[in-house]
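Below is one structure, written out as structure tokens; the observations come after it.
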Amino acid sequence: MQPMQQVQLQPCVIKGNTRSASGESITIGPTKALIFAHAPGSKAQEHAHDETHIIVIRSGQMRFTMLGKVYEVGPGDIVMVPPGAQHSFETISSTGADVMCLCVPK
């Protein structure tokens, strides 16, 4: 396993527009925040995106494989997937995993 890199963030407030009646998607300019509830054992095969994905693990445990490296992550961890980076994931906790994904265009 690769160690997680520490990143310092500055405090801020971003006001966005809710675009979903269920409250599961927020659009802030060109950036979207999506909420996902992954069932235990759920997987995504290797794929890539045109935009940056910043994934905040809210609950549960997941295993991400990105650019050939494996990362096990849990609540409070953040996974940053750059545009074009091949990655996959699976939910490894028996209770599933809740995540928030920020999709940031190039």
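FYI, it's all coordinate maths here, none of it is from the lab. In this text, all values refer to a predicted model and were calculated from it rather than measured experimentally. No Cβ is skipped: glycine too gets one built from the backbone with ideal geometry, and neighbour counts run over all protein chains shown.
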What are the residues in segment 24-76 that are buried (at least 17 other Cβ atoms within 10 Å of the Cβ), under 15 Å from ILE92 (Cα atoms) and polar (S, T, N, Q), if any? GLN61
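Hey, can you tell me all the residues within segment 29-86 that are of a type in the set (Ser, Thr, Tyr) and either outside any loop (DSSP other than H, G, I, E, B) or closer than 12 Å to LEU102 by Cα (or both)?
THR31, THR52, SER59, THR65, TYR71 - these are the residues of segment 29-86 that are of a type in the set (Ser, Thr, Tyr) and either outside any loop (DSSP other than H, G, I, E, B) or closer than 12 Å to LEU102 by Cα (or both).
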Test SER93 against the criterion of being assigned to a strand (DSSP E or B) and polar (S, T, N, Q), and give yes or no. no
